[in-house]
Structure formats: C-alpha cells, structure tokens
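Peer 1: Got a structure here, written out as structure tokens. Questions coming.
Derivation of every value follows stated rules applied to the coordinates shown; laboratory data play no part. Remember, it's a predicted structure, so these values are computed and weren't measured experimentally. Quick reminder, even Gly has a Cβ in these numbers, built from the backbone with ideal geometry, and neighbours come from all protein chains shown.
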Amino acid sequence: MIVLKFGGTSVQGPDMIDRALDICASRIDRAPVLVSSAMAKVTDSLVKITAAAEGGDAGGAARLCAELVGRHRDVAGAFLGGKNLEGACLKIEAMEKALLSLVKGLALLRECSPRSRDAVLAFGELLSTTLIAARARERGWEADFVDSRLFMRTDGNFSAAAPDMKAIAKLAKRKLKPAPGKILVCQGFIGSTAEGVTTTLGRGGSDLSATIIGAVLDAEAVEIWTDVNGILTTDPRLIPNAATIPRMSYAGAAELAYFGAKVMHPASIQPAVEKGIPVWVKNTGAPENPGTELVPVSQNKGPRAIAFKKNITLINVVSSRMLNAYGFLSRMFAVFEKHRTPVDLIATSEVSVSMTVEGQAPLKELLKDLQEFSSVEVSKNQAILCLVGKDLWEEKKFFIRVFSALGGIPVKMISLGASKINLSLALSAEHCDEAVKLLHREFFE
Ligand code: ADP
Ligand code: ASP
Ligand code: MG
C-alpha cells in the first residue's frame, strides 16, 4: 500500500480536490490511503472561533462557524450531485450542529482549554475528508471514509499529543483495510486518547499522521503532496528561485524542518526512518515534477539548504563560579527541564553559556530560577539560520565563504552540529532575511 498526504492548499477547492483524487487514482492499484489536512486556512479559522468563544463572543464565533461550514457546502454543491450530495450535506449539517453547540458551551463558560480547542480544531479535517470521499464516489471510484480517531491513539497532551505507536499499529490493522482498486480516505492531524477524547498532533501534524500510517502498515512509500516542487534550497516565499533538492537524507530533512522549513512537520521523519520507508515530497499542482526523495543516507556532500526561524530569544548565562566548577551545567539544564523548555542552540565558554529558546518560552519563570545561581542577559527578537548539508567543513574554505558572504552582518552565536550536517547561526531577526539571501547566493545560485 501507499500513503498520499495532501496539505491544506492541495484540497482548498473543487479543482484542487479533483487534482488530488487524480493523483490518488493513478496509484489505485497500489492500495492508496489518502490522508488529508483541513482545507487551506480552515484550521486558522477554527483557532479564531475558539478565541472568540473564549472571549465570550458567542455571536462572532457562530458567524465564523457559519462562514466556514458554508465554504464546505459550496464545494459540495459545486462537485456533488444526487445521493452523494445528499449524504455529504447530511454529514456537514450534523458536524455544524455539533460544532455550534460545542462553541456555544465554550462561549457561555468563556473558557477554552487545550482539550476543548482540540475538539474544535478536529472539525477541519473531518469536513475536508467528508467532501473528498464523497467526490471520489461521485467520480466512480470505490472510497472508504475512516475516522482517524478510531486508530490514531495518543496520550492526553492536548494540542501536541504524542502518538502511541504500539496501540496505533494494532488498531490501524483492524480499522484500515487498504486494497487495490479503492481509495481509503482518512484525516491527518487528529487522534484520540484511550478514553476516546479527541486530540491533535500539533499544527502541521498531518505529515506526521501520514508517516505513522505508512510505518504501521508497512507502506511501500509515503508521498507528501504540497504546493511547491518538493524540498527547496530555502523558503520560496523569501527566495522565489529556490531550487528543488532531488534527494535528501532523512537527517538533513529533519534538521531543516526543526529549524523552520514549514514544508514538513519536524517529527514526521521519525516513523519513516525507523521502518526505512521512502518519503517523497511532491507538488499537487505539478505532479510530473519529481520533487524530493528522502533517503536514509545522501551521498551529496556540501551545503544543501538553508532554514531559518524568527521569534527566537537568546539567553546568556554567566556564572562567576564557573571556572573549575562542576555541576553548573546540570543545574542550569535542570531549570530548562523544570519549565519544559527545549534549548535549540548552545555554545559554551569557560565562564558563560549562550543558548536560544523559542520566543514563547516562559522567560519570567526561567530567569527567576537561573538568577539564583548566575547572572543572565536576554536578547529577544533574534533568529536562527541553519545551513544544512553533509560534511560541511570538509571543504577548507567553507567558513571563509560563510562569513565573507555575510559581510558585516553581526552573528551572535555559532553552533556546529556534531553530526557535521549543520552550521547554525544566531543573529538579530532584522538581519535574517538579508543573511539568508546572501548565503543562498553564495552557495546555491
Ligand atoms: P501543506 O499545507 O501542504 O502542509 P505547508 O504550508 O505546511 O504545506 O508547507 C509548504 C510550504 O512550506 C511551502 O509553500 C513553502 O512556502 C514553505 N517552505 C519553507 N521552507 C521550505 C523549503 N525549504 N522547501 C519547500 N518549502 C518550504
Ligand atoms: N490542519 C492542520 C494545520 O493547519 C494540520 C495540517 O495541516 O497538517 O495545522
Ligand atoms: Mg504542512
């Protein structure tokens, strides 16, 4: 069997859904499982609905719900007829009722816990897949609709739930029966706890859903269908002529995703790596383009791509007693562990440690605890720029090229991955775009 995951823009209207189904149908002999995101911008609208409800704005939330459901009804009306239209409309109506009563309850309480938010967000994927399955039948294919919550078992860490691979493997074999000649349609992003409470895997989580399904069902391949020609040398929104990388290692793709390349969810590589399943990233709008193949090890040396993320905070921790002092680092990391804050980059000298954390880290709490044994300096509005490749510094001039390309742009911190696959720099967010452009020109143009 083969897994095809379509992102929001790939299913954003009748024409795109038809393209996605054409691609799926071209693989119908390989027992395709179609995993879909919500239609483009729908999850964002659902987030707005939860915010309106939390603020007690029941009217505003209901208006947004009506708009969102109306968009799905329009799509149904545009490409379904007869029984398929009738069936889809009934399902949409039932979901509308359920969504409205949930949102009304939240607005009355002026409360929206992560658990409630997940329950609301799940409607995006449930609505899109209802349309996709109905359209597949309308076009004459056999299609099964499966609610992913029946097999995507997770823990109860709402909004970023962790999949329970063992349970999923068991459940998926029972609930998902892919077969040549039919299209199996299910939702990305959503799951449920052992008690049956709806969860989500975190924003962008449909990629992870797809690789999990691929791993537990031993897929021959997982294809991530999106709106660009695979993984590119950098974000095409900043550099429109960024080029496709034809083959890339799992590890390189994981670094890129982690350091900001939105094209894949950072955790989505892991399930595929464990089973050695080939993952492809391809363009729904240009299926003939080969896109990118992720492979266990790539033979190509040198820089391959640049990722970046903004809204980073740089923390400098200085201990007056660090000279010859042991225990300082473990004490410092204990603070980050206590506040469940991941550290992205780190560089140490004899008396100080520099680190980066995401902008939304609980800074006040971290500082309070760190200041008990050190002095701390904080710079907000920073960025991380990450140059990913293989054996980067085997090329003698690599560093000279990096720093002469950057010219006068001040770099606040440098971190070399021990795996020799990345060089990461911290710099002020206002310099980030310019630095990416300069490095892209130096290494890829
Ligand atoms: P989907 O909805 O299909 O999951 P996303 O919007 O999550 O799509 O991810 C695709 C987007 O990722 C692209 O449109 C592009 O703007 C962005 N992107 C950022 N960095 C890269 C990169 N290195 N290669 C490809 N796309 C990238
Ligand atoms: N619909 C979800 C989101 O927008 C999940 C996904 O698209 O991967 O984050
Ligand atoms: Mg995505």
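Peer 1: For segment 286-382, which GluC sites (Glu not before Pro) pass both filters: DSSP loop (anything but H, G, I, E, B) and at most 16 other C-beta atoms within 10 Å?
Peer 2: Those that pass, being in a loop and sparsely packed, are GLU288, GLU350, GLU372.
Peer 1: Which cross-chain or sequence-distant (5 or more) residues have an amide H under 5 Å from the amide H of VAL228, H modelled 1.01 Å from N in plane?
Peer 2: THR284
Peer 1: Using +1 on the beta carbon of Lys and Arg, -1 on that of Asp and Glu, and nothing else charged, what's the dipole of segment 278-343 about the Cα centre, debye to 20?
Peer 2: With only Lys, Arg, Asp and Glu charged at Cβ, the dipole is about 340 debye.
Peer 1: Place a +1 charge on the Cβ of each Lys and Arg in the chain and a -1 charge on the Cβ of each Asp and Glu, then give the dipole magnitude about the Cα centre in debye, rounded to the nearest 20.
Peer 2: Dipole about the Cα centre, nearest 20: 400 debye.
Peer 1: I've got another one for you. What 222 nm value per residue comes from the helices of the chain, counting each DSSP H run with n ≥ 4 as -39,500 (n - 2.57) and dividing by all residues, nearest 500 deg cm²/dmol?
Peer 2: On the way: 13 runs with 182 residues, N = 445.
That calculation yields -13000 deg cm²/dmol at 222 nm.
Peer 1: Quick check on the exposure proxy: order CYS89, CYS432, CYS112 from fewest to most C-beta atoms within 10 angstrom.
Peer 2: CYS89, CYS112, CYS432
Peer 1: What is the order of ARG110, ARG247, fewest Cβ neighbours within 10 Å to most?
Peer 2: ARG110, ARG247
Peer 1: Post the alpha-carbon centroid distance, segment 376-445 to segment 171-205, in whole angstrom.
Peer 2: 39
Peer 1: What angle, in degrees between 0 and 90 and rounded to the nearest 10, separates the Cα long axis of helix 114-138 from the longest principal axis of the Cα atoms of the chain?
Peer 2: 50
Peer 1: Filter the cross-link list LYS390/LYS437; LYS5/LYS104; LYS5/LYS170; LYS170/LYS275; LYS310/LYS396; LYS97/LYS170 down to pairs whose alpha-carbon distance in this structure exceeds 23 Å.
Peer 2: LYS5/LYS104; LYS310/LYS396; LYS97/LYS170
Peer 1: While we're on this one: Could you go through segment 344-359 in sequence order and give the Karplus-derived ³J(HN,Hα) for each residue, using 6.51 cos²θ - 1.76 cosθ + 1.60 with θ = phi - 60°, rounded to whole Hz, and x for Gly and Pro?
Peer 2: So the Karplus estimates, Gly and Pro as x, are 7, 10, 8, 9, 10, 10, 4, 10, 8, 10, 10, 9, 10, 9, 5, x Hz.
Peer 1: Over what distance in Å are the Cα centres of segment 73-107 and segment 259-289 separated?
Peer 2: First find each Cα centre; the distance between them is then 31 Å.
Peer 1: Taking the Cα centre of segment 325-445 as origin, work out the dipole magnitude from +1 charges on Lys and Arg Cβ and -1 charges on Asp and Glu Cβ, in debye rounded to 20.
Peer 2: That gives a dipole near 100 debye.
Peer 1: Mind checking the angle between helix 206-216 and the chain's longest principal axis? C-alpha axes, 0 to 90 degrees, to the nearest 10.
Peer 2: With rounding to tens, the tilt is 80 degrees.
Peer 1: Further question on the same structure: Using θ = phi - 60° and the Karplus curve 6.51 cos²θ - 1.76 cosθ + 1.60, what whole-Hz ³J(HN,Hα) does each residue of segment 178-189 get, with Gly and Pro shown as x?
Peer 2: x, 8, x, x, 9, 10, 9, 10, 9, 9, x, 6
Peer 1: Quick check: Cα centre of segment 218-248 to Cα centre of segment 5-58, how many Å?
Peer 2: Between the Cα centres of segment 218-248 and segment 5-58 lies a distance of 19 Å.
Peer 1: For GLY181, what is the net charge nearby, where nearby means another residue's Cβ is under 15 Å from its Cβ and Lys, Arg count +1, Asp, Glu -1? Each step should come with its number before you reach the end.
Peer 2: Values: positive: ARG27, ARG30, ARG137, ARG139, LYS177, LYS182; negative: ASP29, GLU142, ASP144.
Every neighbour counted, the sum reads +3.
Peer 1: Taking every pair of distinct Cα atoms and averaging 1/r, then inverting, what Kirkwood hydrodynamic radius in Å comes out for the chain?
Peer 2: Values: mean 1/r = 0.0426 Å⁻¹.
Roughly 23.5 Å, rounded to one decimal.
Peer 1: Still on this structure: Relative contact order for segment 85-165: what is it in percent, counting Cα pairs under 8 Å that are at least 6 residues apart?
Peer 2: Result for segment 85-165 is 27 percent.
Peer 1: Would you mind ranking VAL120, VAL335, VAL388, VAL351 by Cβ crowding within 10 Å, fewest neighbours first?
Peer 2: Values: VAL120 23, VAL335 20, VAL388 28, VAL351 14.
Neighbour counts put them in this order, fewest first: VAL351, VAL335, VAL120, VAL388.
Peer 1: Moving to a separate point now. Sticking with the crude label model, points 7 Å out along Cα→Cβ, report the distance from ASP18 to GLU430 in nm, one decimal please.
Peer 2: Here the modelled spin labels are 5.0 nm apart.
Peer 1: Going by average Cβ neighbours within 10 Å, how do the peptides 275-281, 297-303 rank, with the highest at the top?
Peer 2: The packing order, highest mean first, is 275-281, 297-303.
Peer 1: Here's a follow-up. Using 0.36 nm per residue, how much length does the chain from ALA286 to GLU220 gain when fully extended, once their Cα-Cα distance is taken away?
Peer 2: 21.6 nm
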